[in-house]
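**Q** One structure is given below, represented as structure tokens, and several questions about it will come after.
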């Protein structure tokens, strides 16, 4: 047996603003998305796609087996809210809901989920959302 490990683990992760506050608009949404892309690189994660609307984000992401999903999501949520709250001038503060949604994605469903994440704004305009992927119940 060699020391090589094969891994192909994709996650569909959903994070929601606290109280579904419509915080992720325009420039702030772009800053959050850009920050998360860069943070993923620094953490050794591979973000395949990010998308969302004003109150939540979807990510299709590879997290290496050596890192727990909860740790990765915690790092992304904590550092993104800290960054945005330091950068933004205004009355609103970004807080993420305590919980998050996570589903594993098979190779067969990769493209379907990739497209779903990519086209979040259109899905919500047309009300063609997959409820299981949109709803997260968490005690705040």
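The values are calculated or read from the model by the stated rules, or taken from the named source; none is laboratory data. These numbers were taken from a predicted model, which means no experiment stands behind them. Please note: Cβ atoms are built from the backbone with ideal geometry, for glycine as well, and neighbour counts cover all protein chains shown.
**Q** Within the group 71, 22, 66, which residue is in contact (Cβ under 8 Å) with a residue 24 or more places away in the chain and either closer than 22 Å to residue 95 by Cβ or part of a loop (DSSP other than H, G, I, E, B) (or both)?
**A** Exactly one residue qualifies, and that residue is 22.
**Q** Residue by residue through the stretch 64-75, note down the ones that are in contact with a strand residue (DSSP E or B) (Cβ under 9 Å, 6 or more places away or on another chain) and at pLDDT below 95.
**A** Scanning the stretch 64-75 gives a single hit, 64.
**Q** Checking residue 81 against (1) closer than 24 Å to residue 116 by Cβ; (2) modelled with pLDDT under 95; (3) part of a helix (DSSP H, G or I), only one condition comes out false. Which one?
**A** So the condition that residue 81 fails would be (1).
**Q** Go through the stretch 86-120 residue by residue and tally those that are in contact with a strand residue (DSSP E or B) (Cβ under 7 Å, 6 or more places away or on another chain) and part of a helix (DSSP H, G or I).
**A** Looking only at that region, the number is 6.
**Q** Then there's this: Which members of the stretch 1-39 meet the condition of being in contact with a helix residue (DSSP H, G or I) (Cβ under 7 Å, 6 or more places away or on another chain) and modelled with pLDDT of 90 or more?
**A** Across the stretch 1-39, the qualifying residues are 10, 11, 12, 13, 14, 15, 24, 31, 32, 35, 36, 39.
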